[in-house]
Amino acid sequence: MRGWTGLLMVAAALTVSGCMVGPDYVRPITPEPEQFSRPLEQDADDLAGEAWWSGFEDPTLAAVVNEALADNLDIAQAAQRLIAAEALLGAARSDFLPDLDAGVSYTARSSGGDTGTASLSFGQILDINGRLRRLEDRAQARVLASAYEVEDVRRLTAASAATLYVQLRRARARLALLDASLDLQQRTLDIVQRRAEAGLSADLDVRRAAADLARTRAQRGALELQQTRALNALAVLLGRTPGAPIALLEDAGARDSDALQLGYVAEIEIGEPAQLIQRRPDLRAAEARLIAATADVGVQAAELYPSLRLPGSVSTDLEDGLSDGLTASLGAVLDIPLLDFGRREAELTAAEAQAAEAALAYQTVVLGALEEVETGLVAIESVQDRLDDLGVAVAEGERAYDQLNALYREGLASFIDVLDAQRTLIGNREALVDTQADLALAVIELNLALAAPTGQGG
């Protein structure tokens, strides 16, 4: 008993004298402005607490995004990685507890007198070098990183679903506009053919009108391909096979016209750069990975110091099923690293380099996030200005075409002028649809960059 007491006293002393080795985590200093370069000027409603995509006031868009958040396979994979990280954290914490094993052996003799042994062995690692605590810190940080990665995949998935929906709506709007343009050009062709038959126009004018009609008709294949690509990508995002029907989009198809009709009415809260760092899950995940890498430096540093384990056992010999008394033992194993030809030092150096890399990665993500917001603010302003100008261009182009068409019928304008006005009008209408889509995409990208709220329940 006296020997056991001595061992326990030594172990206690070593445990008390133990310390946490390796560096403690310090957030890297990343240059960041106090505020973004420009505010976002918009006449919008405050939909606090709502998912950012509700600002489009499109129930089909909302349904598509919500289904993507529920069924996307990337989100499911991220969730499984989180479960694995949580399990590994539990394993790391179990190292602080003693391990216990039992064993029984039995030998049957032909001469009689069966023998056996029953034993109970246990061991306890004393964290005198802080290795177990650093392992727990690392595992905890990896759990945090995995949790933030789940949030980040959800953020990206919501934006991807909204983006594909806008691209689909753009393709369908362009197809509707194509039909309107073909109708316009067919009417022009009919007019010039009748004038040519009456001897009032040249055959060359007929050929020019027919060529414009054919050139416009040739756009259908490319637009249908864009529609198919968006549909297939959206199906995969929803966890479905490409080409599978998406019932959610039938309502959107009924609303398709040559106007995209995807205005954003919600207020976009810009905030400050410091707030952005707290909101963005990819930034939080990068920081958690840095914390894990910092803790790993401590893990490797602890390998340079002694470790202590207390093994013990209780056993009994059995003779014909009867115990021959108990034998107990308790020891102490002090592992002192002496010579490993630089292996431990090399592993520590590698861990330090990986931590430095993680710090640089964190700073890179911060700067990238700031850049995305700054670019998003400029993009919305630029696209909005272009949209306003195109609205005027389309209205004036319609008036110009109507006037020139009337003058042409009276023989007061050339057919070339009519064709130029027609081409300009069609081009401006196409640009207007594309710019409407660009504005919706810019809004999505800015909300993505800001890690805008996804609402209760996603």
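Descriptive notes on the structure:
- Some residue of region 261-283 being surrounded by 14 or more Cβ atoms within 10 Å (Cβ to Cβ), in contact with a Leu (Cβ under 9 Å, 6 or more places away or on another chain), farther than 30 Å from Leu439 by Cα and not small (Gly, Ala, Ser): no
- Criterion applied to Leu367, Leu360, Leu404 was being part of a helix (DSSP H, G or I) and either among the β-branched types (Val, Ile, Thr) or surrounded by 17 or more Cβ atoms within 10 Å (Cβ to Cβ) (or both), and the one residue passing it is Leu404.
- Matching residues, region 230-239, being more than 19 Å from the chain's Cα centre (by Cα) and free of Cβ contacts under 8 Å to residues at least 40 places away in the same chain: Asn232
Here's the yes/no breakdown for (1) buried (at least 17 other Cβ atoms within 10 Å of the Cβ); (2) assigned to a helix (DSSP H, G or I); (3) more than 30 Å from the chain's Cα centre (by Cα); (4) not basic (Lys, Arg):
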| site | (1), (2), (3), (4) |
| --- | --- |
| Leu184 | yes, yes, yes, yes |
| Arg194 | no, yes, yes, no |
| Arg207 | no, yes, yes, no |
| Ala214 | no, yes, yes, yes |
| Leu225 | no, yes, no, yes |
| Pro242 | no, no, no, yes |
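- Meets criteria (touching a strand residue (DSSP E or B) at 6+ places or on another chain (Cβ under 7 Å) and not polar (S, T, N, Q)) for Leu318: yes
- Given (1) surrounded by fewer than 18 Cβ atoms within 10 Å (Cβ to Cβ); (2) within 30 Å of Ile29 (Cβ to Cβ); (3) touching a residue at least 12 places away in the same chain (Cβ under 8 Å), number of the condition Ala346 does not satisfy: (3)
Quick note: the coordinates plus some simple rules give every number you see, no bench work behind them. Predicted model, so just to flag it, every value in this text is computed and none were measured. Methodologically, a virtual Cβ is constructed for each residue, glycine included, from the backbone with ideal geometry; neighbour enumeration extends over all protein chains shown.
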